[in-house]
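J.: Before I ask anything, let me first share the structure, which is written out below as structure tokens.
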Amino acid sequence: MSDAAWWRTGAVYQIYPRSFQDSTGNGIGDLPGLRSRLDWVEQLGVSAVWLSPVHPSPQADFGYDVADYCDVDPIFGSLADMDQLIHDCHARGLKVVLDGVFNHTSDQHAWFTASRADKTNAKRDWYIWRDTVPNNWKSTFGGTAWTQDPATGSYYLHSFLPAQPDLNWRNPDVVDAVLDVLRFWFERGVDGFRLDVFNSYLKHPDLPSNPRRWHPGALAYGYVGQHHIHDRDQSDLPEVLGRMRAVADEFGAVLIGETLDEKFRYDRAADFVGDDQLHMAFHFALLHSRWTAKKLATAIRSQLNALPKDGWPTWVLSNHDFQRHPTRWGGGDERAKAAAVIALTLPGTPFLYYGEELGMVEGRLKRADIVDPPGIRFWPVFKGRDGARTPMQWTSEGAFTTGIPWLPLNPDTPWRHAEATANPLSIVHTYRALLALRRNNEALRSGATIWPDTDHADVLSWQRVVASERVRVLVNTVDRSVLVPGEAGTQVLWSTAAVTDVREPLAPNEGRVVRV
């Protein structure tokens, strides 16, 4: 397979730069610090790193409010540091993917500064302005999606914070400007973009109100009390994505989309992938699934069944917006290893979140430690996303920074850290072994997926088949041993419980890969 299709066979490692490694002692991770930890990433066996935003930003939403798309925020380093990081990653065979936050900018971006200056400014129509509030749209961060700007008295649209005004993607100049940003980074060697909330780029041109819907939380959080049919998922979005794809194809780069959507509606992501749209789009059903064989199978099949013929699956267990899966699913280290078996043996591309290879759990933060805007606003009903963003645990003392970390280290750092990985039954050993198995086993790289005729009540199972190679994956989802009837296999390729005999019952929460 050509190098341009690395994303089909490899795994992507998401790094939240603020929390990975600090090189200055200011408590905030940065690019030089990240470079110093590339040995760890390379040894894990992934194919690419994806960086959450590092562009200049007032940090109102911790980088998802971009003030300049073509530079690096001084808290992370410089453009030269980014160039060096790209060089160092490529020297190790690692691709580099950046976060593309193009639905909105910071209110301090030069584009918005010009747009708000007066109603006749050439960039006025680069954002969405109205003289009165035109509809009932709500912000995903709470409250109305419209804020009045004192400079002209008009209202501008923001799907998130007021400090994050939405770009007007119906203006061709905006589309051209974003395409130029893609070219800027591709020419510097970046290998792709993860597109933040891409399905919100286009809004209905007439800005009609969204229909209301009943939801028990709508009184406190109005966003869930609407059917969002006019502020996202517009029918002409594929045309815009096609233009972005054409630029990416010029450079052999990849585009990965993140949809803004509600729980259990992630099959909409499949509408925007294919040969003339995005290479991939995240399907987040696993993030909302319970840990049962039936629920997990439903979540997995919902993505595989929704994808078009030229679509490609993605698998995500944790990320910067969701509670970490060892906390979400419980079950301790054994269940965390079993979850890795699921993500790393299915057809498609797994996206690993920094620290999940250690079994990092959700940080339990005090109210005074919360810095995430939704967490501050909705505490204690919603405690924000900070718990998923606590610093990487490198040693028993942390070793993330010599200063005070921007978020507290997890209390389990003294015994859960990167240096405590010599045990062959450790979680990181499972990740390394499974990633190596993916690289070296043709069935796991490119085989078809065959599901059993009858689902087992407690064991999630499928086969990957190509030519004469047939591999069976079994994941015990319960806290007791289970003997699975049927073809046992001829060889255990990997077991999270170190089982070597294919006839042995599955241990509690064991994940096992066998050659059939």
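The values are calculated or read from the model by the stated rules, or taken from the named source; none is laboratory data. Small disclaimer: the values here were computed from a predicted structure and weren't measured. When we count neighbours, we look across all protein chains shown, and the Cβ atoms used for this are built from the backbone with ideal geometry, even at glycine.
J.: Any idea which of 335, 377, 364 is surrounded by fewer than 19 Cβ atoms within 10 Å (Cβ to Cβ), of a type outside the set (Ser, Thr, Tyr) and outside any loop (DSSP other than H, G, I, E, B)? Please lay out each step first, then the result.
T.: Values: 335 fails: surrounded by fewer than 19 Cβ atoms within 10 Å (Cβ to Cβ); 364 fails: outside any loop (DSSP other than H, G, I, E, B).
It is 377.
J.: Quick check on the stretch 475-485. Is at least one of its residues assigned to a helix (DSSP H, G or I), more than 30 Å from residue 26 (Cβ to Cβ) and free of Cβ contacts under 8 Å to residues at least 12 places away in the same chain? First the steps, then the outcome.
T.: Of the residues in the stretch 475-485, the ones assigned to a helix (DSSP H, G or I) are none.
No.
J.: Further question: Would the stretch 312-320 turn up any residue that is closer than 22 Å to residue 103 by Cβ, of a type outside the set (Ser, Thr, Tyr), assigned to a loop (DSSP other than H, G, I, E, B) and not assigned by TED's automatic domain parsing to the domain that holds residue 497? Walk me through how you get there before you give the answer.
T.: Going residue by residue through the stretch 312-320, those that are closer than 22 Å to residue 103 by Cβ are 314, 316, 319-320.
Now restrict to residues that are of a type outside the set (Ser, Thr, Tyr): 316, 319-320.
Pick out the ones that are also assigned to a loop (DSSP other than H, G, I, E, B) and you get 319-320.
Those still in the list that are not assigned by TED's automatic domain parsing to the domain that holds residue 497 too: 319-320.
The answer is yes, given that some residue of the stretch 312-320 is closer than 22 Å to residue 103 by Cβ, of a type outside the set (Ser, Thr, Tyr), assigned to a loop (DSSP other than H, G, I, E, B) and not assigned by TED's automatic domain parsing to the domain that holds residue 497.
J.: I'd like to verify a number: residues in the stretch 433-475 that are surrounded by fewer than 16 Cβ atoms within 10 Å (Cβ to Cβ) and under 30 Å from residue 399 (Cβ atoms), how many?
T.: Number of matching residues: 2.
J.: Please identify the pairs in which a residue from the stretch 195-212 that is within 13 Å of residue 167 (Cα to Cα) has its Cβ atom under 6 Å from the Cβ atom of a residue that is in a helix (DSSP H, G or I) and not hydroxyl-bearing (Ser, Thr, Tyr), counting only partners at least 6 apart or on another chain.
T.: From the stretch 195-212, the pairs are 202/237.
J.: What pairs can you find where one residue is in the stretch 135-164 and modelled with pLDDT under 95 and surrounded by fewer than 23 Cβ atoms within 10 Å (Cβ to Cβ), the other is part of a strand (DSSP E or B) and of a type in the set (Lys, Arg), and their Cβ atoms are less than 9 Å apart, with a gap of 6+ or different chains?
T.: Final answer for the pair search is none.
J.: Among the candidates 449, 454, 490, 500, which residue alone is touching a strand residue (DSSP E or B) at 6+ places or on another chain (Cβ under 8 Å), modelled with pLDDT under 95 and more than 27 Å from residue 359 (Cα to Cα)?
T.: The unique qualifying residue is 490.
J.: Tell me, yes or no, whether the stretch 194-212 has at least one residue that is modelled with pLDDT under 95 and farther than 21 Å from residue 321 by Cα.
T.: If we filter the stretch 194-212 for residues that are modelled with pLDDT under 95, which is where we start, we get none.
No - not one qualifying residue is present in the stretch 194-212.
J.: Of everything in the stretch 455-474 that's of a type in the set (D, E, K, R) and more than 28 Å from the chain's Cα centre (by Cα), which residue is nearest to residue 442 (Cα to Cα)? Steps first, please.
T.: We begin by selecting, within the stretch 455-474, every residue of a type in the set (D, E, K, R); these are 455, 458, 464, 469-470, 472.
With the extra rule that they be more than 28 Å from the chain's Cα centre (by Cα), the set shrinks to 455, 458, 469-470.
On the way: 455: 25, 458: 28, 469: 7, 470: 9 Å.
The qualifying residue nearest to residue 442 (Cα to Cα) is 469.
J.: Also: Return yes or no: is residue 56 assigned to a helix (DSSP H, G or I) and either surrounded by fewer than 23 Cβ atoms within 10 Å (Cβ to Cβ) or in contact (Cβ under 8 Å) with a residue 24 or more places away in the chain (or both)? Don't jump to the end; show me each part of the working.
T.: Working: assigned to a helix (DSSP H, G or I): no; either surrounded by fewer than 23 Cβ atoms within 10 Å (Cβ to Cβ) or in contact (Cβ under 8 Å) with a residue 24 or more places away in the chain (or both): yes.
Taking the combined requirement at face value, the residue does not satisfy it.
J.: Mind checking which residues of the stretch 230-285 are surrounded by fewer than 20 Cβ atoms within 10 Å (Cβ to Cβ), among the basic types (Lys, Arg) and part of a loop (DSSP other than H, G, I, E, B)?
T.: Result: 263, 265.
J.: Does residue 385 fit the bill of being touching a His at 6+ places or on another chain (Cβ under 8 Å), within 30 Å of residue 341 (Cβ to Cβ) and in contact (Cβ under 8 Å) with a residue 40 or more places away in the chain? Give the derivation first.
T.: Working: touching a His at 6+ places or on another chain (Cβ under 8 Å): yes; within 30 Å of residue 341 (Cβ to Cβ): yes; in contact (Cβ under 8 Å) with a residue 40 or more places away in the chain: yes.
Considered against the rule, which asks whether it is touching a His at 6+ places or on another chain (Cβ under 8 Å), within 30 Å of residue 341 (Cβ to Cβ) and in contact (Cβ under 8 Å) with a residue 40 or more places away in the chain, residue 385 comes out as yes.
J.: Take the residues in the stretch 295-311 that are in contact with a helix residue (DSSP H, G or I) (Cβ under 7 Å, 6 or more places away or on another chain) and assigned to a loop (DSSP other than H, G, I, E, B); name whichever of them is farthest from residue 386 (Cα to Cα).
T.: This residue is 308.
J.: Follow-up question, since we're still on this one. Please determine, by comparing only the residues of the stretch 286-314 that are β-branched (Val, Ile, Thr) and crowded, with 22+ Cβ neighbours inside 10 Å, which one is farthest from residue 249 (Cα to Cα).
T.: 300
J.: If you don't mind, there's one more thing I want to ask. Being in the same structural domain as residue 386 (by TED's automatic domain parsing), at pLDDT below 95, surrounded by fewer than 23 Cβ atoms within 10 Å (Cβ to Cβ) and part of a helix (DSSP H, G or I): is that true of residue 8 here?
T.: Details: in the same structural domain as residue 386 (by TED's automatic domain parsing): yes; at pLDDT below 95: yes; surrounded by fewer than 23 Cβ atoms within 10 Å (Cβ to Cβ): yes; part of a helix (DSSP H, G or I): yes.
The answer is yes for residue 8.
J.: Output yes when any residue across the stretch 76-90 is over 26 Å from residue 385 (Cα atoms), assigned by TED's automatic domain parsing to the domain that holds residue 418, of a type in the set (Ser, Thr, Tyr) and crowded, with 18+ Cβ neighbours inside 10 Å, and no when none is.
T.: No, because not a single residue in the stretch 76-90 is over 26 Å from residue 385 (Cα atoms), assigned by TED's automatic domain parsing to the domain that holds residue 418, of a type in the set (Ser, Thr, Tyr) and crowded, with 18+ Cβ neighbours inside 10 Å.
J.: Of all residues in the stretch 99-133, count the ones that are surrounded by fewer than 17 Cβ atoms within 10 Å (Cβ to Cβ) and assigned to a strand (DSSP E or B).
T.: Qualifying residue count for the region: 1.
J.: If I ask for residues that are without any contact (Cβ under 8 Å) to a residue 60 or more places away in the chain and more than 29 Å from residue 26 (Cα to Cα), which ones from the stretch 388-425 would you list? Step through it out loud before you land on a result.
T.: If we filter the stretch 388-425 for residues that are without any contact (Cβ under 8 Å) to a residue 60 or more places away in the chain, which is where we start, we get 393, 395-399, 408-417, 419-420, 422-423.
Across the stretch 388-425, the qualifying residues are 422, 423.
J.: I've got another one for you. Looking at the structure I just gave you, is residue 69 hydroxyl-bearing (Ser, Thr, Tyr), in contact with a Phe, Trp or Tyr (Cβ under 9 Å, 6 or more places away or on another chain), crowded, with 23+ Cβ neighbours inside 10 Å and in the same structural domain as residue 256 (by TED's automatic domain parsing)?
T.: Details: hydroxyl-bearing (Ser, Thr, Tyr): yes; in contact with a Phe, Trp or Tyr (Cβ under 9 Å, 6 or more places away or on another chain): yes; crowded, with 23+ Cβ neighbours inside 10 Å: no; in the same structural domain as residue 256 (by TED's automatic domain parsing): yes.
Against the criterion (hydroxyl-bearing (Ser, Thr, Tyr), in contact with a Phe, Trp or Tyr (Cβ under 9 Å, 6 or more places away or on another chain), crowded, with 23+ Cβ neighbours inside 10 Å and in the same structural domain as residue 256 (by TED's automatic domain parsing)), residue 69 does not qualify.
J.: For the stretch 222-278, enumerate the residues that are closer than 17 Å to residue 190 by Cα and free of Cβ contacts under 8 Å to residues at least 24 places away in the same chain.
T.: Of all residues in the stretch 222-278, those closer than 17 Å to residue 190 by Cα come to 244-257, 278.
246, 249, listed by residue number.
J.: Do you know which residues across the stretch 380-392 are outside any loop (DSSP other than H, G, I, E, B) and in contact with a strand residue (DSSP E or B) (Cβ under 7 Å, 6 or more places away or on another chain)? Walk me through it before giving the result.
T.: So the first thing to find is which residues in the stretch 380-392 are outside any loop (DSSP other than H, G, I, E, B), and the list is 386-388.
Passing the criteria: none in range.
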